[in-house]
Every structure is written in C-alpha cells, then in structure tokens.
1. Using +1 at the C-beta of Lys and Arg and -1 at the C-beta of Asp and Glu, which of Y486, L496, P385 has the Cα lying farthest in the positive direction of the dipole of segment 333-513?
2. Taking the Cα atoms of segment 333-513, what is the range of coordinates along each of the three principal axes, in descending order and whole Å?
3. What's the FRET efficiency of A118 with E477 using the Cβ-Cβ distance as r and R₀ = 45 Å, to the nearest 0.05?
4. Once you have the Cα-Cα distance between R571 and Q237, take 0.36 nm times their residue separation minus that, and quote the gain in nm to one decimal.
5. With +1 on each Lys and Arg Cβ and -1 on each Asp and Glu Cβ, how big is the dipole of segment 133-255 about its Cα centre, in debye rounded to the nearest 20?
6. Would you mind computing, in nm to one decimal, how far apart the modelled labels at A350 and R416 are, each placed 7 Å from Cα along Cα→Cβ?
7. Using a simple spin-label model with points 7 Å from Cα along the Cα→Cβ vector, what separation in nm is obtained for E274 and E506?
8. Could you order peptides 361-372, 252-263, 503-514 by the average number of other Cβ atoms within 10 Å of their residues, highest first?
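No value in this document is a laboratory result; all are computed from the given coordinates. Predicted, not measured: the structure shown is a model, and the values here were computed from it. Heads up, the Cβs are rebuilt from the backbone with ideal geometry, glycines too, and the neighbour counts pull from every protein chain shown.
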Amino acid sequence: MPNSVLKGRSTRKTHTHTHDYYNRLSGHEGKTSSLFLLSLCYLPRSILPSPFHFHSLFSLIPPPLSLPLSLSLSPQFSRSPVSVNFIEVDNREMKEMNPWHTPVTIIITVIGVMAIVALVTVAVLQNRPLPQKYKYGIVMDAGSSHTALYIYEWPAEKDNNTGRVEQTHLCKVKGPGISSYASAPVKAGESLRLCMEEAKQWVPGKRHHQTPLYLGATAGMRLLNMANSSASDKVFQAVEGALQKFPFSYQGAKIISGQDEGAFGWITVNYLDERLKQGLETRGALDLGGASTQISFVSDNYDGSESPSNSVTFRLYGNDYNLYTHSFLCYGKDQSLRMMQAHQSQAGPATVLDPCFHPGYTATKNYSVLYDSPCVSDRKPKDAPDTFTHIGIGDFLQCQAAVKSVFNFTSCKYSRCSFNGVLQPLLQGPYGAFSAYYFVMNFLNLTDTSVPLEDVKEKLKRYCATNWDQIMQQHPEVKLKYLAEYCFSGTYILTLLTEGYNFTSESYSDIKFIKKIKGSDAGWTLGYMLNLTNMIPAEAPDTPLLPHPGYVSVVSVIAVLLFILFIVSLRPLWPRCSKQPQIV
Ligand SMILES: Nc1ccn([C@@H]2O[C@H](COP(=O)(O)OP(=O)(O)OP(=O)(O)O)[C@@H](O)[C@H]2O)c(=O)n1
C-alpha cells in the first residue's frame with residue numbers, strides 16, 4: 001500500500017484533532033475498533049507475516065465504524081505520555097485499494113466461517129451421547145435353601161457386545177427353596193409372587209414384554225428330582241403357572257446342571273472383574289451353596305483330555321478358555337452337615353454329642369427329617385428312635401475330624417484328585433469364594449486371607465468353644481438356625497479348602513471371600529443370563545477408534561487449523577501497516 005495514502009499532520013494539530021474526535025466518539029463503540037487497529041500495528045514483527053501498513057487497517061473496521069476515517073485513541077491512550085500522530089485517510093481511495101472490501105473476499109470469508117461452525121456443530125451434536133435407555137433381564141435362582149430374584153440392566157444400544165450388564169435389584173423370596181414345597185407344589189408358585197410384583201415396579205412398564213425372565217433351579221431341585229421326579233415336575237408346573245401370569249418374556253424354568261452352575265459362576269466373576277474383555281489372567285470361582293459346592297478354574301495343567309466331563313471350553317472376546325469345573329452334589333453346607341450327623345448317628349443313638357456345636361447347645365431332632373435327603377437316606381439306621389437329643393460340645397479339633405469323615409480320599413484313578421475320586425488339576429490362583437463361603441467367613445470375621453491359616457484355625461477353635469448362651473447374647477439379630485451352625489460351617493469351609501481342594505498355608509492367601517463385585521452379586525445367575533442372551537461375544541468387538549470427547553476434540557482442532565490455513569491463504573490480500581507507524 002503506497003505511503004501516499006497516509007496523510008500525516010503536525011503533532012500539535014493531530015493532538016487537537018484527536019481530542020475533537022475523541023469528544024465526538026466518546027462512549028462510542030468506535031473506541032474499541034480503533035484500539036484494535038493500534039494493537040495490530042504494535043504486534044511484534046516476528047508474528048506478523050509482512051509489515052503492516054497502518055493506514056490499511058482502517059479498512060478492517062466495519063463500514064459504520066471506519067467513518068469518519070480518523071483514528072482516535074481510547075481514553076487510556078490519550079492519557080498516556082505517549083503522543084500519537086493523527087492520521088487521516090481518504091475513505092474512497094482506501095476502499096478501492098483494499099481487497100477485503102471486494103464482495104468475493106467477503107463471501108468466501110463468510111462461507112468459510114459458516115462451514116467451520118457447521119462442521120464443529122455437526123461433530124458435537126451428531127456424536128452427543130443420547131439419553132441412556134436400558135434393557136433388562138430377570139433371573140431367579142431357585143436354590144436349595146431359598147430363592148432369589150435378580151434384575152440386571154444394560155444400555156439398550158450396546159446389548160450385542162460392549163455395554164456392561166449390572167445388577168439393579170435383588171429380591172429374596174420369603175420362605176424356603178422351591179424344593180421344600182414337594183408336598184404342596186402350589187405354594188412354591190405362590191411364594192414367588194411378591195418378588196415378581198417387585199420386579200414389575202423395577203422394570204419400566206414399556207420394557208416388561210421384552211424383558212426375558214429365567215428360572216434356574218440348583219442342587220435342591222436336583223436332589224428332589226433324584227428322589228421323586230413327579231414331585232419335582234409338579235413344583236415346576238406350579239412355578240411356571242405363577243411366572244407366566246406376569247408380563248415379562250418368560251423363557252422357562254429348568255434345573256441347571258452342576259457343571260453349568262460352576263461355569264456360569266466363573267463367567268460372572270471374571271465378567272464383573274473385566275478379566276474376560278481385557279484377556280487378563282482369570283480368577284477361579286469357589287461357590288458354596290446349601291446342597292452343592294462348585295470349584296472352577298483355568299489351569300495350565302488341564303487340557304480336558306483327562307476326565308473330559310470336568311472340561312468346559314469357551315471362546316470369549318477372542319480368547320479361548322479351557323475351564324476345569326466340578327460340582328459336588330451333597331457337599332453344600334446344609335447337606336454336608338446332614339452327612340456328618342448321619343455319620344455321628346449311624347447306630348441310631350438317643351443322644352448325639354456334636355463337637356461342631358457350641359457347649360450348652362441342646363435341641364431335639366427328628367431322625368426322619370435328618371435322613372430325608374438322597375445324600376443320606378441310604379444310611380438311615382434301622383432301629384433308631386424317632387428323635388434324638390443333639391448336644392453341642394464345641395471342640396474344633398474333634399469337629400475337624402468329624403467333618404473329614406464326609407470326604408473320601410482313598411481312591412483316585414487320575415493323576416491327582418480332590419476327593420471322592422474326582423480329578424482336580426494343580427491349583428492355579430487367584431480365586432473368588434462366594435455365596436456361603438462369604439456369609440460364613442464374614443460372620444466369623446475371617447475374610448482376611450493374609451492372616452496365617454494357623455491363626456484362622458486358632459480363632460475358630462476359640463469361637464467353637466464359646467458357650468451357646470454367650471453366642472446368642474452376642475448376636476441377637478442373627479437367625480438361630482444360622483447362628484447354631486457357624487462353628488460347623490467355618491470348620492467345614494476350612495476342611496473343604498485345605499483337605500478337599502488342597503489349598504496350602506501359602507495358596508490360602510490366593511482366595512478372596514467376596515459377596516459382590518462392582519455392585520453385582522457373585523453367583524451363577526449373571527453368567528447364565530449373559531450366555532442365554534448372547535451378551536458375551538466370541539470375538540473381541542470392534543471398538544471406535546476414538547471415544548466421543550476425543551472425536552469432537554479432533555474435529556474441532558481440524559476445523560481451527562483449517563480456519564487458520566484459510567486466513568493464511570489470503571495473505572496476499574492482507575492489509576499492511578506502514579513501516580513507520582504514525583504513532584509517536
Ligand atoms: N447369612 C447367611 C445366609 C445364608 N447362609 C447359609 O448359606 C447357604 C445358602 O447359600 P446359597 O448360595 O444361597 O445356597 P442355595 O442357593 O440355597 O443352595 P444351592 O446352590 O446348593 O442350591 C445356606 O446353607 C444358608 O444356611 C448362612 O450361613 N448365613
């Protein structure tokens with residue numbers, strides 16, 4: 001831009017004019033624009049692409065502000081000791097020489113800015129997470145001691161692989177397990193009604209019809225089915241009739257096999273721990289119920305060729321697993337107590353002295369009730385009286401010996417066995433122990449497995465020796481049936497783990513007693529539902545390269561870079577300051 005366009009004035013005159021102009025524009029928005037122009041011209045040369053022609057900058061002021069084409073100073077500037085030369089520019093000439101005023105440049109600029117704004121807006125809006133909608137699934141665990149209803153939920157748009165399934169509600173059915181209703185099957189169905197009503201409240205109405213409802217029965221029904229299959233069928237009929245009255249998508253009630261119970265418990269634990277998705281070392285699962293107990297783990301020493309009935313193979317998230325699992329029917333804690341007491345009362349005595357119950361504990365028990373289970377029925381003494389007096393003596397060491405009597409360690413046709421001639425590969429930790437393992441060890445305050453096993457046994461020894469009256473006084477809130485059995489249950493757990501499964505003083509610390517993982521109960525139900533709804537993909541899902549915030553950031557940065565590029569590309573059109581700004 002030729003310097004001739006600038007028309008410098010004498011300092012004195014300029015000063016006067018400045019004041020005149022300032023007076024005219026005082027409070028006018030023109031102040032800001034003028035200050036902006038001055039600032040641009042005072043930018044260090046290094047950041048300016050070419051020397052600015054000071055007069056050209058007037059053209060950057062929008063037309064209404066660039067008139068009258070006289071530069072004013074903000075009050076701050078006019079008060080500073082620095083004096084400024086006043087500049088007057090011929091407006092018409094300026095317009096002709098400044099390409100920023102050409103319609104094409106203005107249109108390109110406007111379109112460029114609009115395109116960038118549109119790009120960023122679309123990036124933000126299109127990828128904005130939608131308000132979360134959920135899907136639901138209901139699983140009823142019809143266990144030997146009780147039934148529990150679990151409600152799971154997961155994000156609706158991600159059900160085929162990536163959404164996390166979480167437990168939202170647990171309802172414990174009042175009364176015993178459904179197998180206890182063999183003589184009055186209708187009551188088995190009725191017992192489920194309250195929890196089903198609760199489920200109707202927890203699952204939004206518009207999701208009811210698409211919410212799958214499963215009922216899986218475990219060892220209690222396995223035993224009833226063995227003892228009396230028609231009674232078991234009637235219980236299922238009653239249960240089905242009751243469940244079908246509810247608006248959910250009923251998927252059937254069935255007895256799940258011990259192998260499935262073990263495998264689904266293992267899936268639940270490792271799914272909740274996110275070990276499957278990330279392909280991490282898995283955690284073995286130890287599940288202790290009332291009528292059966294399961295052990296499941298992956299071992300490098302087990303490929304399924306030895307005792308294939310203990311092998312379950314999976315392909316989950318792109319990884320192959322060869323799981324060892326075994327379910328010991330009758331080795332849940334209620335049935336094992338029966339087996340131990342059957343052993344103690346083989347001769348049918350009128351009094352049974354029991355080292356696994358507290359001193360001072362006395363109860364009258366019925367022989368026919370004790371032997372009313374396929375786990376012990378064949379051992380019922382012939383000439384026993386109807387009842388016997390059950391007396392506690394609280395001796396841990398004797399209790400341990402009595403508990404051991406329920407395990408058979410004599411025969412093993414495999415390379416190594418746990419008990420009862422069942423193959424068990426070398427233990428490979430870590431392990432999660434849940435259900436009754438947790439209830440019992442938590443009550444006894446023995447969940448810390450870093451405490452040496454000998455100390456754990458010592459604590460249990462003292463607990464067992466404590467008088468029953470004192471125990472009842474200390475725990476008035478605990479159900480008497482549970483309370484009376486914790487000495488036996490603790491002893492059984494330690495014996496099962498160490499003598500049965502061969503945990504040593506060292507490997508005992510690999511066990512973690514758990515109830516919940518990230519808000520969901522550890523147990524077979526979640527794994528069961530994940531399997532039946534195909535919620536765990538065999539292959540690792542394709543994940544988007546960038547999460548939503550990352551995507552928006554990248555698009556925004558690209559948009560800003562494009563904008564800068566666009567501005568720089570117009571460099572030939574940039575206005576210039578004069579080499580010697582007219583500011584003194
Ligand atoms: N606070 C509690 C709750 C339960 N229990 C015991 O824990 C066992 C129940 O465990 P659970 O996993 O619920 O077993 P079920 O599902 O009923 O049994 P199964 O899986 O063998 O059918 C029962 O022996 C019960 O007496 C306990 O000792 N303390």
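1. P385
2. 48, 44, 24
3. It comes out at approximately 0.10.
4. Gain in length upon complete extension: 111.8 nm.
5. 120 debye
6. Distance between the two pseudo-spin positions: 5.0 nm.
7. 3.2 nm
8. Averaged packing, sorted descending, gives the order 252-263, 503-514, 361-372.
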